[in-house]
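Report on the structure given below.
The values are calculated or read from the model by the stated rules, or taken from the named source; none is laboratory data. Quantities reported herein were computed from a predicted structural model and do not represent experimental measurements. Reconstructed Cβ throughout: ideal geometry from the backbone, glycine too, with neighbour counts over all protein chains shown.
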Amino acid sequence: MKKVALYGDTGMVGQEIEKVLAGHDGVEIGYRQNSRRQEGGLGSCEVAFLATKDPESMTFAPDVVNAGTRVIDMSGAFRLPQDLFESGYGLEHTCPELLKEAVYGMPALFAEEITEARVVGNPGCYPTSVILSLRPLKDLVKGEVTVVATSGNSGARAEIEDIPNEVTYNFGRRHKHVPEMEVYTGMRVNFTPIVLRSVFAGINANLRVGLGDGMKALSDHEATQRLVETLREAYEAVDLVEVVEDSGYHTYGTRDVVGTHKLLIKPRVDEGFAYINALEDNLGKGAASQGVENMNLMLGFDRLRGIDGVYRTT
């Protein structure tokens, strides 16, 4: 059994990581730390999860790396170049030397780099849905991308509210996830996030972007099929990115992804614009299970090992 460390094990994401690790037959938690206690020894651990806020992650990461342990950070501290992090998060980056070597932890795109990395910045939940939906289409679309996305309340805190309460915040280009979306798609993005306070989990992201000149010459049906084919060719089965289409029998929604490690993408074209609906579990593929997938790559395990004990992979 290989040992891993878990910082922030009492937080929402930390608890979810621990739940996934409990079903993994190749690792065990050898060290844990939160604001109230420490248990075990970091020196015995090969990888450490930092399920902590940005300032704490920047504090812990250098000590972890100096102890010979590799880092998977669940905050935003190691996802972006220094200038974009500091402007987007309003914080000074206190370990820029580690930031320079950090790898963006999206296995569907950067599996080879993650395998060798000392520091991995696990993606945000909203950016995961947007980046995986848009990046393969960069040569087929043009112009600014409009994203409107809902998320369950577990993206912010564990409890849900009894009375429905939909909260829109930091809309336009103000949300700290906008730079992350733009860096890894190569497109300009405006973003409206909506938290559903009475819903626990699930992201429903809806994207609108203009078609490229070559695509405009196609019929809506032909252009839609081009999007579908391009997205399907971009990913392997192990990526668990599936292109789907509604039918008379079933309309896809967050119920189809909550409790899974999948991202479902529904593309269509209408009057010169691509419309893309992306669905995922914000705690799973948008956080904890993607973090464990990164760990598997770093430790030489199969990418999905242990994840299907908590999140469905089929």
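Would you confirm, using the coordinates I've provided, whether Lys138 is more than 19 Å from Thr230 (Cα to Cα), out of contact with any Lys or Arg (no Cβ under 7 Å at 6 or more places or on another chain) and of a type outside the set (S, T, N, Q)?
Numbers: more than 19 Å from Thr230 (Cα to Cα): no; out of contact with any Lys or Arg (no Cβ under 7 Å at 6 or more places or on another chain): yes; of a type outside the set (S, T, N, Q): yes.
Spelling it out, it is not the case that Lys138 is more than 19 Å from Thr230 (Cα to Cα), out of contact with any Lys or Arg (no Cβ under 7 Å at 6 or more places or on another chain) and of a type outside the set (S, T, N, Q).
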For residues in region 53-100 being assigned to a loop (DSSP other than H, G, I, E, B), under 22 Å from the mean Cα position of the chain (by Cα) and among the charged types (D, E, K, R), which is nearest to Gly8 (Cα to Cα)? Lys53
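Looking at region 255-314, which of the residues that are polar (S, T, N, Q) and part of a strand (DSSP E or B) is surrounded by the most Cβ atoms within 10 Å (Cβ to Cβ)?
First, the residues of region 255-314 that are polar (S, T, N, Q): 260, 277, 282, 289-290, 294, 296, 313-314.
The next check asks that each one be part of a strand (DSSP E or B); those that pass are 260, 277.
Values: Thr260: 22, Asn277: 20.
For region 255-314, the residue satisfying everything is Thr260.
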I want to confirm something. Restricting to region 237-246 and keeping residues that are surrounded by fewer than 16 Cβ atoms within 10 Å (Cβ to Cβ) and free of Cβ contacts under 8 Å to residues at least 60 places away in the same chain, which single residue is nearest to the chain's Cα centre (by Cα)? Ala237
Test result for Gly43, surrounded by fewer than 19 Cβ atoms within 10 Å (Cβ to Cβ), outside the structural domain of Val238 (by TED's automatic domain parsing) and closer than 15 Å to Leu6 by Cα: yes
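Given the criterion closer than 16 Å to Met295 by Cα and either under 18 Å from the mean Cα position of the chain (by Cα) or not assigned by TED's automatic domain parsing to the domain that holds Ala102 (or both), identify the matching residue among Leu6, Leu50.
Working: Leu6 fails: either under 18 Å from the mean Cα position of the chain (by Cα) or not assigned by TED's automatic domain parsing to the domain that holds Ala102 (or both).
Result: Leu50 is the single residue among Leu6, Leu50 that is closer than 16 Å to Met295 by Cα and either under 18 Å from the mean Cα position of the chain (by Cα) or not assigned by TED's automatic domain parsing to the domain that holds Ala102 (or both).
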